[in-house]
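One structure is given below, encoded as structure tokens.
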Amino acid sequence: MKVIVVGAGIAGLAAAWELVRAGVGDVTVLESERRAGGVIVTEHVQEFIVEGGPDGFLAGEPELPALATELGIADRVVNQQARGTALWNGRELAPLDEGRAAALLGIDATKADVAAGFRSFAGGMAEPVAALVQRLAGVVRFAQGVAGLVSKRKRWHLAITGGSAHDADGVVLALPAYAAGRLLEAIGVAHGRALGEVVYVPSITVSLAYRDAQITKPLQGSGFVVESPEQIRACTYASSKFHGRAPAGHVLLRAYLPPTDDDPAKIAHTQLAIILGIRGEPLWSRVFYWNRGLPRYRLGHRDHVAEVRHRLARLPPLAIAGAGYDGAGVSACVRSGRDAGRLISRLMAR
């Protein structure tokens, strides 16, 4: 029995891992890009650890520590160091309730969840991705985008961009909702179009490196959000938030910006220089563009997803997983992927 997982983001890798653990003998992950991880991107630049996407997960969520234990990297989980978030009101940095800070940043979590802080991995959030790819050696295939999905004799036929194809007994679509929605609509799944309407908010992150001496104002807490964002929305003191993000005597900042046609690094530095009293230019900067970043659910989203899954139950084994359905955080994606893997393994066992 063969199962194909479409998408090698953290949700797709978690689904494949669950299928392999359940004893499904033939599992293949197809990824359209040439790397795994999706929005999880960690780069190592001159002894700095730079995150392009999420930099951690809520400490109270068990999914990533449990996965790390299974992968043998539990000792790599690290706790947040600096705590507390400020609000830049245009004049000064004022203390801000953590629950409100999370809401302003679009983090879907309770005040208690946020109060527990965040955790990450010593080498960055790409560590569990790399560990999964290593444990799934031979399973993940890159540059394999799925262009079409057709049901044939209680199995699935997947057309691959470029002309090749795969057949499978079960499929996990671990794709953004807009991509999965197109495939589901093509096979006649009602409400598939509604998934395609999930809004993915564009954003830009800019990481900037400085020497300690360049920052003339104290970096208190883990960062700040901007009350009336025009050019930057927020800033994380990355080297304060988690240990080892910058070498001794240096500071790593990460700014969040809305889409812009101007130079994001220049905008970020100019604004941060005013707020934090930065002297001189950054040692270097790294910009990450997310044309489709975090999903924002519309009213009735859960009902739409539930209805889609109800209709999928009438088809050959098929599941959906990822940030577009069950929560945008990394932990939610791991949970969604593993749930999809368990579902397919149960259906295959019938």
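The values are calculated or read from the model by the stated rules, or taken from the named source; none is laboratory data. These numbers come from a predicted model, not from an experiment. For neighbour counting, all protein chains shown are included, and Cβ atoms are generated from backbone atoms with ideal geometry for every residue, glycine included. When the accessible area is computed, the model is the full protein with side chains, heavy atoms only, and any ligands, DNA or RNA have been set aside. Shrake-Rupley method; radii C 1.70, N 1.55, O 1.52, S 1.80 Å.
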Can you work out the accessible area per residue across the range 111-213, with the rest of the protein chains kept in place, probe 1.4 Å, in square angstrom? 43 Å²
Of 130-140, 336-346, 30-40, ordering from highest average Cβ density within 10 Å down gives 336-346, 30-40, 130-140
Kirkwood Rh and Cα Rg combined as Rg over Rh, evaluated for the range 287-350: 1.05
Taking the Cα centre of each part, how many Å lie between the range 145-165 and the range 205-249? 46 Å
Extension gain TYR178-ALA159, at 0.36 nm per residue separation less the Cα-Cα distance, in nm? 5.0 nm
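Determine the dipole magnitude for the range 234-350: charges of +1 sit on the beta-carbon of Lys and Arg, -1 on that of Asp and Glu, nothing else is charged, the reference point is the Cα centre, and the result goes in debye to the nearest 20. Walk me through the numbers before you get to the answer.
On the way: 18 positive and 8 negative charges, 140 e Å.
The dipole magnitude comes to about 680 debye.
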Between TRP284, TRP88, TRP17, which gets the highest mean-square fluctuation from a Gaussian network model of the chain, Cα cutoff 10 Å? TRP284
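So what's the range 205-350 giving for Rg/Rh, alpha carbon basis, Kirkwood Rh from the mean inverse pair distance?
1.15
Multiply the residue separation of GLN231 and GLU47 by 0.36 nm, subtract the distance between their alpha-carbon atoms, and state the gained length in nm to one decimal.
Details: separation 184, 0.36 × 184 = 66.24 nm, distance 2.86 nm.
Extra length from GLN231 to GLU47 when fully extended: 63.4 nm.
In the chain, what percentage of the DSSP-assigned beta bridges are antiparallel, given to the nearest 5?
Values: 47 of 66 bridges.
Antiparallel bridges: around 70 percent, rounded to the nearest 5.
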Cut-off 13 Å, label point 7 angstrom out along Cα-to-Cβ of ASP167: give me the residues of the range 2-34 whose amide nitrogen falls inside. 2
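State in Å² the accessible area per residue of the range 240-346; use a 1.4 Å probe, count heavy atoms of protein chains only, and round to the nearest integer.
Values: 5150 Å² over 107 residues.
Here the per-residue accessible area is 48 Å².
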The range 1-63 to the range 175-201: how many Å between their Cα centroids? 21 Å
Using a 10 angstrom cutoff on alpha carbons, build the Gaussian network for the chain and name the most mobile of ALA115, ALA168, ALA66. ALA66
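Once neighbouring chains are kept in place and the probe is 1.4 Å, which whole percent of the accessible area of the chain is contributed by carbon and sulfur?
Working: 8030 of 16140 Å².
Of the solvent-accessible surface of the chain, carbon and sulfur hold 50 percent.
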What value does the range 48-190 have for Rg/Rh, both radii from Cα atoms and Rh as Kirkwood defines it? 1.09
How are the C-alpha pair distances of the range 1-87 spread across 10 Å bins, as whole percents from the shortest bin up? 13, 36, 35, 13, 3, 0
Using a 1.4 Å probe on heavy atoms of the protein chains only, the accessible area for VAL78 in Å², nearest 10, reads 40 Å²
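Give me the number: length gained by fully extending HIS243 to GLU197, i.e. 0.36 nm times residue separation minus the C-alpha to C-alpha distance, one decimal in nm.
On the way: separation 46, 0.36 × 46 = 16.56 nm, distance 3.91 nm.
Using 0.36 nm per residue and subtracting the Cα-Cα distance, I get 12.7 nm.
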FRET efficiency, ALA137 to ILE187 (Cβ-Cβ, R0 30 Å, nearest 0.05): 0.45
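Let me know the volume per residue of the alpha-carbon convex hull for the range 130-185, in Å³. Don't jump to the answer; show the numbers that get you there.
Working: hull volume 5.9 nm³, N = 56.
Hull volume over Cα atoms, normalised by residue count, gives 106 Å³.
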Hey, could you pull the Cα Rg and Dmax for the range 127-281, both in Å? 22.7, 68
With r as the distance between the Cβ atoms of ALA213 and GLU307 and R0 = 41 Å, compute the FRET efficiency 1/(1 + (r/R0)^6) and round to 0.05. 0.10
By DSSP, what percent of the beta bridges with both residues in the range 1-132 are antiparallel, rounded to the nearest 5? 70 percent
Pair ILE274, GLN81: separation of 7 Å Cα→Cβ label points (nm): 3.0 nm
Under 28 Å between alpha carbons, and skipping anything fewer than 8 positions from LYS241 in its own chain: which lysines qualify? LYS111, LYS217, LYS266
Kirkwood estimate for the range 162-204, i.e. one over the average of 1/r between Cα atoms, Å: 11.9 Å
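Report, in debye and to the nearest 20, how large the dipole of the range 1-42 comes out about its Cα centre when Lys and Arg carry +1 and Asp and Glu carry -1 on their Cβ.
Working: 4 positive and 4 negative charges, 11 e Å.
Using Cβ point charges on Lys, Arg, Asp and Glu, the range 1-42 gives about 60 debye.
Over the chain, what lengths in whole Å, largest first, do the semi-axes of the equivalent ellipsoid take, defined as the square roots of 5 times the eigenvalues of the alpha-carbon gyration tensor? Walk me through the intermediate numbers first.
On the way: eigenvalues 296, 84, 66 Å².
In descending order the semi-axes read 38, 21, 18 Å.
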Under 15 Å by backbone N from the virtual spin label 7 Å along Cα-to-Cβ at ASP26, the residues of the range 122-142 are 139
With +1 at each Lys and Arg Cβ and -1 at each Asp and Glu Cβ, the charge dipole magnitude of the chain around its Cα centre, to the nearest 20 debye, comes out at 980 debye
